[in-house]
Amino acid sequence: MINKDVVIAQLLQQNAQQAEQIRLLTEENQKLRERIARLEKNSSNSSKPPSTDITNPQPPNAKKKKRKIGGQKGHPNTPVHCSTWTKLTNGHP
């Protein structure tokens with residue numbers, strides 16, 4: 001048979017550990033509730049100015065172009081000749 005005093009001591013120690021864990025979880029729960037309440041506030045349901053509202057940031061451009069717009073370095077220059085210009089614009093400048 002197990003000694004009753006040993007069992008009682010083990011149960012008391014376990015009870016103390018569980019009480020401490022409950023206290024820590026209760027504190028964490030309260031902090032999270034306060035954080036949720038703060039994040040749910042916006043200018044439409046509180047006295048906060050609209051500039052403090054949290055908005056979703058714009059997504060960064062997924063594709064960045066490797067080259068700049070316009071003529072690229074190393075590409076030979078091909079000017080438009082007068083006859084080609086008049087054909088393209090139907091004689092209008």
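Please treat every number below as a calculation from the coordinates, not as lab data. Please read all numbers here as calculations on a predicted model, not as lab measurements. Cβ sites come from the backbone with ideal geometry, for glycine too, and all protein chains shown count toward neighbours.
Assorted remarks:
- Size of electric dipole in segment 1-53: Cβ of Lys, Arg +1 and of Asp, Glu -1, about Cα centre, debye, nearest 20: 180
- Shape analysis of segment 1-53 yields a ratio of the Cα radius of gyration to the Kirkwood radius, Rg/Rh, of 1.51.
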